[in-house]
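The values are calculated or read from the model by the stated rules, or taken from the named source; none is laboratory data. Worth saying up front: this structure is predicted, and the values here are computed from it rather than measured. Cβ coordinates were reconstructed from backbone atoms using ideal geometry, including for glycine residues, and neighbour counts include every protein chain displayed.
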Amino acid sequence: MARRRILLELRWGDMDAYQHVNNVQIMRLLEEARVRAFGLAAPDGSAAMLATGMVVAGHTVDYLAPLDYRIAPVAVDLWVERVGGASFTVGYEILEPDAEAVGELRTYVRASTTCVAYDFSAGRPRRLRDDERGRLAALGA
């Protein structure tokens, strides 16, 4: 499977009273990585993937280790696990971008998000187009 790596900086406000990144902020990191991967413009400058609409149908998150606040960025690796008629599932890992920096390859979170292509004007899910399927295939499905 093809993975795409997004490096994200943590914000001071991401930290909770226990001095690690709060679970809600973890979801925001996953969202930011997903938006950057599928975002406003494709890497080739063409129209955005799913520019006509997408909604999140569900998340699954496994917290493997506390992610303490720090200045250095974290890596979010993401890939497409599955593609259906109108939906697809994105897999993620939040991990250390440089295993040598901490002496081990540390994974903090494994997660997945099911996304559904959506026609907002009609108010219902829609089928994925061939060009969208091609872009999803480039990320692993």
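Quick look at the values:
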read-out	value
Residue in segment 26-40 that is outside any loop (DSSP other than H, G, I, E, B), of a type in the set (Gly, Ala, Ser) and modelled with pLDDT under 85 present	no
THR113 closer than 21 Å to ARG3 by Cα, polar (S, T, N, Q) and buried (at least 18 other Cβ atoms within 10 Å of the Cβ)	yes
Single residue of segment 6-21 satisfying the filter (buried (at least 16 other Cβ atoms within 10 Å of the Cβ) and over 15 Å from VAL76 (Cβ atoms)) that is modelled with the highest pLDDT	HIS20
Yes/no for LEU95 being surrounded by fewer than 17 Cβ atoms within 10 Å (Cβ to Cβ), modelled with pLDDT of 90 or more, touching a Ser or Thr at 6+ places or on another chain (Cβ under 6 Å) and over 30 Å from ARG124 (Cα atoms)	no
Filtered residue count, segment 76-94, keeping only those that are aliphatic (A, V, I, L, M) and under 19 Å from ASN22 (Cβ atoms)	2
